[in-house]
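Here the structure is laid out as structure tokens; the discussion comes afterwards.
The values are calculated or read from the model by the stated rules, or taken from the named source; none is laboratory data. Every value quoted in this text rests on a predicted model; they were computed, and no experiment measured them. Cβ placement follows ideal geometry from the backbone for every residue including glycine, while neighbour counts extend to all protein chains displayed.
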Amino acid sequence: MDGPGGRIHALLRLPGAGSAPYPTVFEVHGGPEWHDADSFTSYSSAYVDQGYAVVNVNYRGSTGYGTAWRDAIGERIGHTELADVQAVRDHLVRSGIVDDSRVAISGSSWGGYLALLALGSQPDAWTVGVAGVPVADYLAAYEDEMEALKGFDRALFGGSPAQVPDRYADSSPITYVNAVRAPVLVLAGENDPRCPIRQVDNYLARLTERGVPHEVYRFDAGHGSMVDDERVRQLGVELAYLARYLGRT
């Protein structure tokens, strides 16, 4: 479909049971320089098995669509990607495929960052959010993250937070936390060098102050876990949380 920055490629997976409009999970990829391919993924399959439609959007910033599409992320970091995600969401709602009242946004790493940013900057669009190992407070994340990622952020934003503070603030989920209404599940690694735990705690504290329903699942690892049993546990936590707010087909 055509979006605010051009033609958007998205993948739509439908459950075998039930009928449209479906409760739907928008599973946004990380990276951000990555893309979702038309191939098997365990997470998408698990969502579909629960009766959800699953949508993967290769938003601006994704690879595989040329350098202009990839580099367009710099126009307004986070918001550029989410403009594409919401365009696909609204199109599928109008088409009668997605149930407007039961739509989740979920992702890990950059996808988790986008999920939190979406809940605050697009509060009317999302019923529930799941954010795995996310950037939640960009200024605090920059202070604590590994040196290689500081270099990445300076290249992406055009400088450090001291040099371009307004750009970091504009793209930080914690800037919009007062607008968050949807319940959110956050999964966080206690020893994450990419998305450090302090900045996640900052965000969660603000949700607590406002009384926004939320849960946090902490695990003793870094930026995700390589232990199969732990990954299965995390997926179970996510599915249970989504079922609470989306139900099933």
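Checking Val200, Val177, Val186 one by one, the residue that is touching a helix residue (DSSP H, G or I) at 6+ places or on another chain (Cβ under 8 Å) and under 14 Å from Gly132 (Cβ atoms) is Val186 and no other. Residues in segment 131-180 that are farther than 15 Å from Arg206 by Cβ and hydroxyl-bearing (Ser, Thr, Tyr): Tyr142, Ser160, Tyr168, Ser171. Look at segment 187-203 and say how many of its residues are surrounded by 15 or more Cβ atoms within 10 Å (Cβ to Cβ), without any contact (Cβ under 8 Å) to a residue 60 or more places away in the chain and in contact with a strand residue (DSSP E or B) (Cβ under 7 Å, 6 or more places away or on another chain). The qualifying residues number 4. In segment 12-40, what residues are buried (at least 17 other Cβ atoms within 10 Å of the Cβ) and either part of a strand (DSSP E or B) or of a type in the set (S, T, N, Q) (or both)? Within segment 12-40, Arg13, Tyr22, Pro23, Thr24, Val25, Phe26, Glu27, Val28 qualify.
Suppose the filter is of a type outside the set (Gly, Ala, Ser), surrounded by fewer than 24 Cβ atoms within 10 Å (Cβ to Cβ), free of Cβ contacts under 8 Å to residues at least 12 places away in the same chain and within 30 Å of Met226 (Cα to Cα); does Arg154 pass it? Taking the combined requirement at face value, the residue satisfies it. With a requirement of 2 or more residues that are of a type outside the set (D, E, K, R) and closer than 26 Å to Met146 by Cβ, the helices (runs of 4 or more DSSP H) lying completely within segment 156-249 that satisfy it span 165-170, 197-210.
Note on segment 62-110: residues that are assigned to a helix (DSSP H, G or I), surrounded by fewer than 20 Cβ atoms within 10 Å (Cβ to Cβ) and of a type in the set (D, E, K, R) amount to 5.
Are any of the residues in segment 24-31 in contact with a Leu (Cβ under 8 Å, 6 or more places away or on another chain) and closer than 26 Å to Ala155 by Cα? Yes, that holds for at least one residue. Scanning segment 174-206 for residues that are more than 17 Å from the chain's Cα centre (by Cα) and modelled with pLDDT of 95 or more turns up Asn178, Asp201, Asn202, Ala205, Arg206. Can you name the residue in segment 134-155 that is assigned to a loop (DSSP other than H, G, I, E, B) and not small (Gly, Ala, Ser) and is also farthest from Glu33 (Cα to Cα) among such residues? Within segment 134-155, the match that is farthest from Glu33 (Cα to Cα) is Asp137. Among the residues making up segment 57-74, a single one is within 30 Å of Asp137 (Cβ to Cβ) and without any contact (Cβ under 8 Å) to a residue 24 or more places away in the chain: Asp71. Within segment 157-177, restricting attention to residues that are under 20 Å from Leu119 (Cα atoms) and of a type in the set (A, V, I, L, M, F, W, C), the residue that is surrounded by the fewest Cβ atoms within 10 Å (Cβ to Cβ) is Ala169. Restricting attention to segment 43-56, which residues are in contact (Cβ under 8 Å) with a residue 60 or more places away in the chain and either out of contact with any helix residue (DSSP H, G or I) (no Cβ under 7 Å at 6 or more places or on another chain) or closer than 17 Å to Ser109 by Cβ (or both)? Tyr43, Tyr47, Gly51 - these are the residues of segment 43-56 that are in contact (Cβ under 8 Å) with a residue 60 or more places away in the chain and either out of contact with any helix residue (DSSP H, G or I) (no Cβ under 7 Å at 6 or more places or on another chain) or closer than 17 Å to Ser109 by Cβ (or both).
Those residues that are among the aliphatic types (A, V, I, L, M) and buried (at least 24 other Cβ atoms within 10 Å of the Cβ), I need them from segment 129-151; list them, please. Scanning segment 129-151 gives Val130, Ala131, Val133, Val135, Ala136, Ala141. None of Val180, Val216, Val237 is touching a residue at least 60 places away in the same chain (Cβ under 8 Å) and surrounded by 14 or more Cβ atoms within 10 Å (Cβ to Cβ) except Val180.
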